[in-house]
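S.K.: Pasting a structure here, questions to come.
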Amino acid sequence: METTSTEPRDIARRVIDDNHFMVLGTSQPDGTPRVSPVFYNHVGYRDFYWISSPHARHSRNVAAQPRVEMVIYNSQVDPGPGIAAVYLGATATQVPDAELPSAVAAAFSSVRRGVRAYGVDELSGDAELRLYRATVDSTEIHVRGSDPERGTGIDRRLAVES
């Protein structure tokens with residue numbers, strides 16, 4: 001019988017691997033937050049990729065202020081012990097054309113259910129979409145207050161060592 005690891009790093013990786021959407025938090029020009037759901041793929045739990053129009057509000061926000069926060073969780077889980085979430089701090093950018101061939105190869109090296117691999121020609125030139133990358137520099141997991149191992153009575157975040 002296989003047991004599921006409760007190590008923070010393993011929890012974070014499980015949540016990232018088991019989900020397809022993340023909430024991307026960007027800063028608008030007036031400083032207010034903007035959150036957007038985006039379908040993601042990742043490489044090594046450090047680089048997160050998504051495709052978007054450069055005219056989308058969150059894309060314009062990334063261009064002006066590359067610091068982003070992301071949250072990944074399963075919104076279909078009922079409140080209780082099964083809740084798990086990962087909080088990621090990162091710097092995001094539209095992948096520059098010069099890096100596009102290698103970034104496309106990395107971003108689509110494994111294609112998850114519901115995702116199709118885009119080609120460089122679909123993400124450059126006159127194409128309407130672009131590839132974005134967020135490089136993570138901090139990872140935290142959600143710890144329930146009642147967690148038998150790490151609970152303190154109050155829900156909190158726990159930093160994950162890389």
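S.K.: Any residue at all in region 112-126 that is under 17 Å from the mean Cα position of the chain (by Cα) and over 20 Å from LEU24 (Cβ atoms)? If you could, list the steps in order and put the result at the bottom.
M.R.: Step one: of region 112-126, the residues under 17 Å from the mean Cα position of the chain (by Cα) are 112-115.
Filter again for over 20 Å from LEU24 (Cβ atoms), leaving 113.
Scanning region 112-126 turns up at least one residue that is under 17 Å from the mean Cα position of the chain (by Cα) and over 20 Å from LEU24 (Cβ atoms).
S.K.: So, in region 43-71, of the ones that are in contact with a Gly (Cβ under 9 Å, 6 or more places away or on another chain) and of a type in the set (A, V, I, L, M), which residue ends up surrounded by the fewest Cβ atoms within 10 Å (Cβ to Cβ)?
M.R.: Per the stated criteria, the residue is VAL71.
S.K.: For region 14-42, name all the residues that are open to solvent by 50 Å² or more (accessible area, probe 1.4 Å), of a type outside the set (Ser, Thr, Tyr) and either modelled with pLDDT of 95 or more or closer than 17 Å to ARG67 by Cα (or both). I'd like the intermediate steps shown before the answer.
M.R.: The first filter runs over region 14-42 and keeps only residues open to solvent by 50 Å² or more (accessible area, probe 1.4 Å), leaving 14, 17-18, 21, 29-35, 37, 39.
Those left that are additionally of a type outside the set (Ser, Thr, Tyr): 14, 17-18, 21, 29-31, 33-35, 37, 39.
Residues satisfying the conditions are PRO29, ASP30, GLY31, PRO33, ARG34, VAL35, PRO37.
S.K.: Collect the residues in region 121-138 that are open to solvent by less than 50 Å² (accessible area, probe 1.4 Å) and out of contact with any Gly (no Cβ under 8 Å at 6 or more places or on another chain), keeping them in residue-number order.
M.R.: The answer is LEU123, SER124, ALA127, ARG130, LEU131, TYR132, ARG133, ALA134, THR135.
S.K.: In region 58-97, which residues are over 21 Å from PHE39 (Cβ atoms), of a type outside the set (D, E, K, R) and either in contact with a helix residue (DSSP H, G or I) (Cβ under 9 Å, 6 or more places away or on another chain) or modelled with pLDDT of 95 or more (or both)? Even if it seems obvious, please write down each step before you answer.
M.R.: Going through region 58-97, the residues over 21 Å from PHE39 (Cβ atoms) turn out to be 64-65, 67, 78-83, 96-97.
Going one step further and asking which of them are of a type outside the set (D, E, K, R), we end up with 64-65, 79-83, 96.
Correct list: ALA64, GLN65, PRO96.
S.K.: Additional query: Return the total of residues in region 86-108 being of a type in the set (Ser, Thr, Tyr) and more than 17 Å from the chain's Cα centre (by Cα).
M.R.: Residues of region 86-108 of a type in the set (Ser, Thr, Tyr): 87, 91, 93, 102.
With more than 17 Å from the chain's Cα centre (by Cα) added as a condition, the list becomes 102.
So the answer is 1.
S.K.: Further question on the same structure: Go through region 127-162 and give me each residue that's farther than 23 Å from MET22 by Cα and either within 19 Å of the chain's Cα centre (by Cα) or modelled with pLDDT of 90 or more (or both). I'd like the intermediate steps shown before the answer.
M.R.: First, pick out the residues of region 127-162 that are farther than 23 Å from MET22 by Cα: 127, 145-154.
Correct list: ALA127 only.
S.K.: For ARG112, all conditions in the list (1) open to solvent by 60 Å² or more (accessible area, probe 1.4 Å); (2) part of a loop (DSSP other than H, G, I, E, B); (3) among the basic types (Lys, Arg) hold save one; what is the number of the exception?
M.R.: Result: ARG112 passes all but (1).
The values are calculated or read from the model by the stated rules, or taken from the named source; none is laboratory data. Bear in mind the structure is a predicted one, so any value in this text is a computation, not a measurement. Using ideal geometry, Cβ is built from the backbone for each residue, glycine included, and neighbour counts are taken over all protein chains shown. What goes into the accessible areas is simple: the full protein's heavy atoms, side chains included, and nothing from ligands, DNA or RNA. Shrake-Rupley method; radii C 1.70, N 1.55, O 1.52, S 1.80 Å.
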